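Q: Take a look at this one; I'll ask things after.
The values are calculated or read from the model by the stated rules, or taken from the named source; none is laboratory data. Here the structure is a predicted model, which means the values were calculated and not measured. Virtual Cβ from ideal backbone geometry, glycine too; neighbours counted across all protein chains shown.
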Amino acid sequence: MKYAIINRMDMGRWFDSLKDRGKIYGPKKKESAYVFRPIQEFEEMSLKYIPTILPPKKYYFPQKEFLLKFKINPFSTGKAIREFEEFILFGVHTCDIAGIQCMDVVFNEKPADPNYLNRKEKMTIIGLECMDYCDKYASCAAVGTHVYKGGYDIMLTDLGDEYAIHINSEKGDKLVTGKKYIREMNAKDKEKLNKAFEEKLKKFNNEFDGDMERIDKAFEKGFFSPVWKDLGARCVGCTNCTAVCPTCYCFDVVDEVSLNLNDGDRYRVWNYCQMDDFAKVSTGEDFRAGRDARQRHRYYRKFKYSVQKYNKYFCTGCGRCTRTCMAKISLVETINQLLSGKEAK
Amino acid sequence: MSKPKPKVAFFEFTDCEGCQLQVANLGASLLELAKVVDIVNFREIMSEAGEEYDVLVVEGSVASKHDEERLKKIASKAKVIVAMGACATIGGVNNLKNLKPLAEQKKAVYGSVDPVPDAIETKSIDEVVHVDYYVHGCPIYGPEFLKVMECVLLGKPYNVPQYPVCVECKQNENVCAYEKGQFCLGPVTKAGCNSWLPNYGSVCVGCRGLIDNPAADAQKDILQKYGLTVEGILDKFTLYCNGKKERAKYGKESQK
């Protein structure tokens, strides 16, 4: 089975059938925002949601991840490679799935990161297609993440009374086969899905003032653009833009020794290029001393360096960095200013 | 075979002793700590007082000539000095005294009598003696105090985070106070408290002191954007970030 149909009324019982496959995490309302949280009952979730404060990244690349135990005297270290339990991410938007695909590339690069890969192996992704913009901050059409392009086990498309199911893996197949209330998609359903998709595409337009080819060129020429000075003057250095990014993967490694002063735990914790001392070295030099240089670095990491290294844009268009910025630094505006290149020469 | 346990003494100066209370409230962790150190002086939890110690934990700021001399005397016996709590590390709330000339403040508080003839301008501990370790906050955050004590005992430095509270707040996935129309000092305040106040729905009040390079201009822009007046903003900063060290940081309009 490749495509299937489930009635909206049956979503609750399908959700219940997933429970014995592992812990389920889904989007939930928190004050004026949304967050991924463990979900017990289907009704707890808000499937109509704008991107969560933190991306689901926290489940496969946690904020603070235990790595190993060590002893100082006599010196010994525990096993660094760990096993994890099955878990399901439910209702993940295509932009966040694109984020997972970026992380896959990074952590698969040699030497591969076993902790990430072991976690990833236990992860089941049930995606949820967006049929319209979540809000004005998203730029998913520009980077092409408004449509699904793999990286999930199941993709759900809301067709009103029912959901279309796209099965994209063996794991996904196991979650839907043998259920009486899930039927294979027929020609009529397929037509309905195609029509919904066409309608959807009409709503999405490139948010940038130029195609990716022009953006490549703008980044090539734009290293000394006054755009970065402007960002540097407005940025408060709170680091929120990097904290909420689904493709930021920098981390620091810290040792915490217990009070007996002999046993310790090693952790990896998120670390950001927007931190004041991120590029400071022991001799006192700071390779990116200004907030302008740090902001520029962030943009180049998303639109140029990652293209050179992995042939991939590391911006998923989720809009989180713009949404979270208290200085109202907008990714779309920055890119468009860079594209205009008015002052850049 | 085992080395003698280092002796630790807690002394308080001008303050509320709330930070010592935080230490007393550590519960099981305090008992763990007591296994590796000898606590020889700690007014809030013990009646006897020892005269000798290796590690001196100072709480409170220096507010009189007497304080100053006492601190120097106490410090001279210690191998390591830990400043504990905002009063000790940055002067804390006591800095409010320095906003006006001493004579004027005394008159406002005591009227025509002067019960503290030796009062001086408030000083943080490091304006009088050398400080090796800082535990910021009003009050201190218990888990950070334990982390600092581990570093003291292992003889390694403790690096106070140089990034703002936002880092921890965002990792805790709190809804930003600015989003709720509140004014929060998180973006310019040193982290290390695990965004203690925002986790409970309150805003950061800046008790840990400013980060080394607060983006002063950008911050002012934002506050004005959110409809706050310059006076209102300064009021918020005055509570904790009014000491000499803090003022110097905010004064430098660096691009860093």
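Q: Where residues in segment B:201-216 are among the aliphatic types (A, V, I, L, M) and part of a loop (DSSP other than H, G, I, E, B), which of them is surrounded by the most Cβ atoms within 10 Å (Cβ to Cβ)?
A: B:215
Q: Of the conditions (1) modelled with pLDDT of 95 or more; (2) surrounded by 13 or more Cβ atoms within 10 Å (Cβ to Cβ), residue B:38 fails just one. Which one is it?
A: (1)
Q: Return only the number of the condition from (1) over 17 Å from residue A:14 (Cα atoms); (2) crowded, with 21+ Cβ neighbours inside 10 Å that residue A:187 does not satisfy.
A: (2)
Q: Is it true that residue A:218 is surrounded by 20 or more Cβ atoms within 10 Å (Cβ to Cβ), at pLDDT 95 or above and small (Gly, Ala, Ser)?
A: yes
Q: As an exercise: evaluate residue B:156 against (1) assigned to a helix (DSSP H, G or I); (2) within 28 Å of residue A:279 (Cα to Cα) and give the number of the one condition it does not meet.
A: (1)
Q: Moving on to the next point. May I ask you to list the residues in segment A:107-147 that are among the hydroxyl-bearing types (Ser, Thr, Tyr) and under 16 Å from the mean Cα position of the chain (by Cα)?
A: A:116, A:124, A:137, A:139, A:145
Q: If you don't mind, there's one more thing I want to ask. Exactly one of (1) within 9 Å of chain A (Cβ to nearest Cβ); (2) out of contact with any Ser or Thr (no Cβ under 7 Å at 6 or more places or on another chain); (3) in contact (Cβ under 8 Å) with a residue 40 or more places away in the chain is unmet by residue B:221. Its number?
A: (3)
Q: Which residue, of A:48, A:29, is assigned by TED's automatic domain parsing to the domain that holds residue A:154, in a loop (DSSP other than H, G, I, E, B), more than 30 Å from residue A:108 (Cβ to Cβ) and at pLDDT 95 or above?
A: Exactly one of A:48, A:29 is assigned by TED's automatic domain parsing to the domain that holds residue A:154, in a loop (DSSP other than H, G, I, E, B), more than 30 Å from residue A:108 (Cβ to Cβ) and at pLDDT 95 or above, namely A:48.
Q: May I pose another question? Between residues in segment A:296-319 that are touching a residue at least 12 places away in the same chain (Cβ under 8 Å) and part of a loop (DSSP other than H, G, I, E, B) and residues that are of a type in the set (S, T, N, Q) and crowded, with 19+ Cβ neighbours inside 10 Å, which pairs lie under 6 Å by C-beta distance while being six or more apart or on different chains?
A: Partner pairs satisfying both residue conditions: A:312/A:306; A:314/A:247; A:314/A:306; A:316/A:145; A:317/A:139; A:317/A:145.
Q: Which one of the conditions (1) modelled with pLDDT under 95; (2) assigned to a loop (DSSP other than H, G, I, E, B) does residue A:115 fail to meet, given that it meets all the rest?
A: Here residue A:115 meets the rest and fails (2).
Q: I would also like to ask the following. Select from segment B:151-188 the residues that are surrounded by fewer than 19 Cβ atoms within 10 Å (Cβ to Cβ) and more than 24 Å from residue B:203 (Cα to Cα) and list them in ascending order.
A: B:151, B:154, B:155, B:156, B:157, B:158, B:159
Q: Okay, next question. Return the residues of segment A:132-151 that are surrounded by fewer than 16 Cβ atoms within 10 Å (Cβ to Cβ) and among the aliphatic types (A, V, I, L, M); say none if nothing qualifies.
A: Selection gives A:147 alone.
Q: Mind checking which residues of segment A:73-94 are in contact with a helix residue (DSSP H, G or I) (Cβ under 9 Å, 6 or more places away or on another chain) and more than 16 Å from residue A:24 (Cα to Cα)?
A: A:80, A:81, A:82, A:83, A:94
Q: Do we find that residue B:144 is part of a helix (DSSP H, G or I) and touching a strand residue (DSSP E or B) at 6+ places or on another chain (Cβ under 7 Å) in this structure? It would help to see each step written out before you state the result.
A: On the way: part of a helix (DSSP H, G or I): yes; touching a strand residue (DSSP E or B) at 6+ places or on another chain (Cβ under 7 Å): yes.
Against the criterion (part of a helix (DSSP H, G or I) and touching a strand residue (DSSP E or B) at 6+ places or on another chain (Cβ under 7 Å)), residue B:144 qualifies.
Q: Considering only residues that are within 11 Å of another protein chain (Cβ to nearest Cβ) and assigned to a strand (DSSP E or B), look in segment A:253-270 and name the one that is farthest from residue B:146 (Cα to Cα).
A: Of all residues in segment A:253-270, those within 11 Å of another protein chain (Cβ to nearest Cβ) come to A:254-262, A:264, A:269-270.
Among the residues that remain, those that are also assigned to a strand (DSSP E or B) are: A:254-257, A:264, A:269-270.
Numbers: A:254: 16, A:255: 14, A:256: 11, A:257: 10, A:264: 14, A:269: 19, A:270: 22 Å.
Among them, the one singled out is A:270.
Q: As an exercise: evaluate residue A:283 against (1) at the interface with another protein chain (Cβ under 10 Å from one of its Cβ atoms); (2) part of a loop (DSSP other than H, G, I, E, B) and give the number of the one condition it does not meet.
A: (1)
Q: Tell me which of these residue A:101 doesn't satisfy, since it passes every other one: (1) in a helix (DSSP H, G or I); (2) at pLDDT 95 or above; (3) under 20 Å from the mean Cα position of the chain (by Cα); (4) more than 15 Å from residue A:55 (Cα to Cα).
A: (4)
Q: Could you list all residues from segment B:1-57 that are polar (S, T, N, Q) and within 22 Å of the chain's Cα centre (by Cα)?
A: Keep residues of segment B:1-57 that are polar (S, T, N, Q), which gives B:2, B:14, B:20, B:22, B:25, B:29, B:41, B:47.
Those that are polar (S, T, N, Q) and within 22 Å of the chain's Cα centre (by Cα): B:14, B:20, B:22, B:25, B:29, B:41.
Q: May I ask you to verify whether residue A:238 is in contact with a Pro (Cβ under 6 Å, 6 or more places away or on another chain), within 11 Å of chain B (Cβ to nearest Cβ) and buried (at least 19 other Cβ atoms within 10 Å of the Cβ)?
A: yes
Q: Take the residues in segment A:300-310 that are surrounded by fewer than 22 Cβ atoms within 10 Å (Cβ to Cβ) and of a type outside the set (Gly, Ala, Ser), then tell me which one is nearest to the chain's Cα centre (by Cα).
A: That would be A:301.
Q: Among the residues of segment A:51-70, write down those that are outside any loop (DSSP other than H, G, I, E, B) and either among the hydroxyl-bearing types (Ser, Thr, Tyr) or more than 9 Å from chain B (Cβ to nearest Cβ) (or both).
A: Within segment A:51-70, the subset outside any loop (DSSP other than H, G, I, E, B) is A:56-59, A:64-70.
Matches in segment A:51-70: A:56, A:57, A:59, A:65, A:66, A:67, A:68, A:69, A:70.
Q: Something else about it: Which numbered condition trips up residue A:242, out of (1) among the β-branched types (Val, Ile, Thr); (2) at pLDDT 95 or above; (3) part of a loop (DSSP other than H, G, I, E, B)?
A: Every listed condition holds for residue A:242 apart from (3).
Q: Oh, and also: Please pick out the residue among A:61, A:75, A:70, A:84 that is among the hydrophobic types (A, V, I, L, M, F, W, C), surrounded by fewer than 16 Cβ atoms within 10 Å (Cβ to Cβ) and more than 26 Å from residue A:177 (Cβ to Cβ). Let's see the steps before the verdict.
A: Working: A:61 fails: surrounded by fewer than 16 Cβ atoms within 10 Å (Cβ to Cβ); A:70 fails: surrounded by fewer than 16 Cβ atoms within 10 Å (Cβ to Cβ); A:84 fails: more than 26 Å from residue A:177 (Cβ to Cβ).
Just a single option satisfies the conditions, and that option is A:75.
Q: Still on this structure, please answer the following. Out of (1) under 20 Å from residue A:333 (Cβ atoms); (2) under 27 Å from the mean Cα position of the chain (by Cα); (3) in a helix (DSSP H, G or I); (4) of a type in the set (A, V, I, L, M), what's the single condition that is false for residue A:175?
A: (1)
Q: I would also like to ask the following. Pick from B:88, B:83, B:108: which is modelled with pLDDT of 95 or more, in the same structural domain as residue B:21 (by TED's automatic domain parsing) and assigned to a helix (DSSP H, G or I)?
A: The conditions single out B:88.
Q: Conditions: (1) touching a residue at least 60 places away in the same chain (Cβ under 8 Å); (2) buried (at least 24 other Cβ atoms within 10 Å of the Cβ). Residue B:198 meets all but one. Number of the miss?
A: For residue B:198, the exception is condition (1).
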